[in-house]
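First the structure, in the form of structure tokens, and then the observations on it.
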């Protein structure tokens, strides 16, 4: 079993009004010095071992990159990063 | 009679209004279900507004991979007229039949109001019944209606006359270049954020300015 984490963020040039709202709320709460907040999504994906399941690709990171490019992120407006967590 | 499919996804809201608009335009609405793989021989398809699959992940992202969409995408590529309204526009962008994407409104509020628009192009299957430059009022209701596209795409959309409608007055959601709707180069696929199907009858809408989206396609299909 592998755990892969996919982070999806709006591209830097895309306005993130949610992040701005969070930044304003932090300011109201008295957290000084916050110059920017951007909000994204995190997916934690459990993938069965390739050895045990027919059809599962041997490289969980490559599989997760396929998932991200096809479904988890809209690459028109979002970037993603993939990492395999140590268990 | 011209048969026009209206797709219902789990969470669609405006499928009945879209079907009614088709009927008032002289067409025969055909209900399609998101699990259908066969389009029942319809001559055009409408993807209605709503919150397909709860808008989980991103608006339209999961609907894009529903069984019916493989058939809709194939039909669109063959030239079948397809209109995506609101959530349907979001789905069409997720399929990449239309460029760009719809992001959260710049002010974060859900907007619901009668919206003034200028029809910029009558060169599509869905707007042939309007005059270019014609001003219309139809309802707008969205939380994620801010059209975004990269600069090259915008140059292409503007240069090729693919902007179908633009917001007049206050830009309701921060859409780039006040864009309310766009078309593909062939003009058979149109995505529109405001709701023409809610403006087909003075009893229930602000007027009948939206009806020509539906009469345009019915007329074109009858003449074809």
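The values are calculated or read from the model by the stated rules, or taken from the named source; none is laboratory data. Remember, predicted model here, so these are calculated numbers, not experimental data. When we count neighbours, we look across all protein chains shown, and the Cβ atoms used for this are built from the backbone with ideal geometry, even at glycine.
Couple of notes before you dig in:
- Positions within the stretch B:201-224 being touching a strand residue (DSSP E or B) at 6+ places or on another chain (Cβ under 9 Å) and not in a helix (DSSP H, G or I), in sequence order: B:205, B:206, B:207, B:209, B:210
- Scan of the stretch A:29-42 for residues that are part of a loop (DSSP other than H, G, I, E, B) and loosely packed, with under 14 Cβ neighbours inside 10 Å, ordered by number: A:29, A:30, A:31, A:32, A:33, A:34, A:35, A:36
- Residue in the stretch B:27-45 that is within 14 Å of chain A (Cβ to nearest Cβ) and in contact (Cβ under 8 Å) with a residue 24 or more places away in the chain present: no
- The stretch B:115-135, residues that are in a strand (DSSP E or B), in contact (Cβ under 8 Å) with a residue 40 or more places away in the chain and more than 11 Å from residue B:172 (Cβ to Cβ): B:118, B:119
- Within the stretch B:46-80, the residues that satisfy the criterion of being away from every other protein chain (no Cβ under 14 Å) and within 19 Å of residue B:140 (Cβ to Cβ) are B:46, B:47, B:48, B:49, B:50, B:51, B:52.
- Residue count for the stretch B:31-46 under the criterion of being crowded, with 19+ Cβ neighbours inside 10 Å and either over 14 Å from the mean Cα position of the chain (by Cα) or at positive phi (or both): the result is 4.
- Here the condition is being closer than 25 Å to residue B:78 by Cβ and either modelled with pLDDT under 95 or in contact with a helix residue (DSSP H, G or I) (Cβ under 8 Å, 6 or more places away or on another chain) (or both); of B:191, B:161, B:205, it holds for B:191 alone.
- Selection from the stretch B:137-156 of residues that are surrounded by fewer than 22 Cβ atoms within 10 Å (Cβ to Cβ), part of a loop (DSSP other than H, G, I, E, B) and under 17 Å from the mean Cα position of the chain (by Cα): B:143, B:144
- The residues of the stretch A:1-28 that are more than 9 Å from chain B (Cβ to nearest Cβ) and assigned to a helix (DSSP H, G or I), listed by number, are A:19, A:22, A:23, A:24, A:25, A:26, A:27, A:28.
- Test result for residue B:224, on the phi < 0 side of the Ramachandran plot and out of contact with any helix residue (DSSP H, G or I) (no Cβ under 8 Å at 6 or more places or on another chain): yes
- Residue match in the stretch B:64-74 (condition: buried (at least 22 other Cβ atoms within 10 Å of the Cβ) and without any contact (Cβ under 8 Å) to a residue 40 or more places away in the chain): yes
- Candidates B:102, B:92, B:98, B:83: the one that is within 13 Å of chain A (Cβ to nearest Cβ), in contact with a helix residue (DSSP H, G or I) (Cβ under 9 Å, 6 or more places away or on another chain), touching a residue at least 40 places away in the same chain (Cβ under 8 Å) and in a strand (DSSP E or B) is B:102.
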